[in-house]
1. Name, by its number, the condition in (1) in contact with a Ser or Thr (Cβ under 7 Å, 6 or more places away or on another chain); (2) assigned to a helix (DSSP H, G or I) that does not hold for residue 58.
2. Limited to region 63-84, what total is found for residues that are part of a strand (DSSP E or B) and among the charged types (D, E, K, R)?
3. Residues of region 58-115 being more than 14 Å from residue 10 (Cα to Cα), surrounded by fewer than 21 Cβ atoms within 10 Å (Cβ to Cβ) and among the aliphatic types (A, V, I, L, M), which ones?
4. What is the residue count in region 4-36 for residues that are under 15 Å from residue 63 (Cβ atoms) and of a type in the set (Ser, Thr, Tyr)?
5. Take residue 59 and decide whether it is among the aromatic types (Phe, Trp, Tyr), farther than 23 Å from residue 27 by Cα and touching a Gly at 6+ places or on another chain (Cβ under 9 Å).
6. Tell me whether region 33-42 contains one or more residues that are in contact with a Phe, Trp or Tyr (Cβ under 6 Å, 6 or more places away or on another chain), of a type in the set (Gly, Ala, Ser) and part of a loop (DSSP other than H, G, I, E, B).
7. Take the residues in region 46-57 that are open to solvent by 60 Å² or more (accessible area, probe 1.4 Å) and over 12 Å from the mean Cα position of the chain (by Cα); name whichever of them is modelled with the highest pLDDT.
Amino acid sequence: QVQFVESGGGLVQPGGSLRLSCTASRTIFSIYYMGWYRQAPGKQRELVATIISGGSTNYAEPVKGRFTISRDNGKNTMYLQMNSLKPEDTAVYYCNLGSSPYVDWGQGTQVTVSA
């Protein structure tokens with residue numbers, strides 16, 4: 001099965017930006033539906049954004065207008081551009097298929113938004 005590796009997280013001040021990357025172990029050209037997820041301390045993992053191979057996207061309400069999901073099939077990579085970050089965006093961010101059944105979850109990348 002395909003494996004995903006997330007990167008690009010870090011510590012950023014409120015209002016700042018980060019771009020996360022999700023690199024696949026094989027081509028993502030044939031993967032129709034992909035998504036970004038996040039899990040904050042003490043909370044369940046939640047869906048942040050999804051993208052289909054044709055480019056259509058969907059976003060969770062808390063991130064609409066601030067986050068942008070994209071994919072580059074040639075680089076086997078999916079991205080999450082996060083702007084106007086808020087403290088409540090602090091979480092470990094994961095990528096996976098856009099719906100179950102999911103492949104094994106990676107380590108994720110930590111995003112911390114704090115002054």
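1. Of (1) in contact with a Ser or Thr (Cβ under 7 Å, 6 or more places away or on another chain); (2) assigned to a helix (DSSP H, G or I), only one is false for residue 58: (2).
2. Pass one, region 63-84, residues part of a strand (DSSP E or B): 67-72, 77-82.
Those still in the list that are among the charged types (D, E, K, R) too: 71-72.
Going through region 63-84 one residue at a time, the tally reaches 2.
3. Listed by number, the residues that qualify are 60, 97, 103.
4. Residues that pass the stated criteria total 1.
5. Values: among the aromatic types (Phe, Trp, Tyr): yes; farther than 23 Å from residue 27 by Cα: yes; touching a Gly at 6+ places or on another chain (Cβ under 9 Å): yes.
Answer is yes for this residue.
6. Looking through region 33-42, none of the residues is in contact with a Phe, Trp or Tyr (Cβ under 6 Å, 6 or more places away or on another chain), of a type in the set (Gly, Ala, Ser) and part of a loop (DSSP other than H, G, I, E, B).
7. Start the filter on region 46-57 by keeping residues that are open to solvent by 60 Å² or more (accessible area, probe 1.4 Å), which leaves 46-47, 54, 56.
Remaining after also requiring over 12 Å from the mean Cα position of the chain (by Cα): 54, 56.
Values: 54: 85, 56: 95.
Taking the candidates together, the pick is 56.
Matching residues to (1) without any contact (Cβ under 8 Å) to a residue 40 or more places away in the chain; (2) in contact with a strand residue (DSSP E or B) (Cβ under 8 Å, 6 or more places away or on another chain):
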| position | (1), (2) |
| --- | --- |
| 37 | no, yes |
| 50 | no, yes |
| 64 | yes, no |
| 97 | no, yes |
| 102 | yes, yes |
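The values are calculated or read from the model by the stated rules, or taken from the named source; none is laboratory data. Note that the structure is a prediction, hence the values are computed from the model and not measured. Reconstructed Cβ throughout: ideal geometry from the backbone, glycine too, with neighbour counts over all protein chains shown. The accessibility values were calculated without ligands, DNA or RNA, using every heavy atom of the protein model including side chains. Shrake-Rupley method; radii C 1.70, N 1.55, O 1.52, S 1.80 Å.
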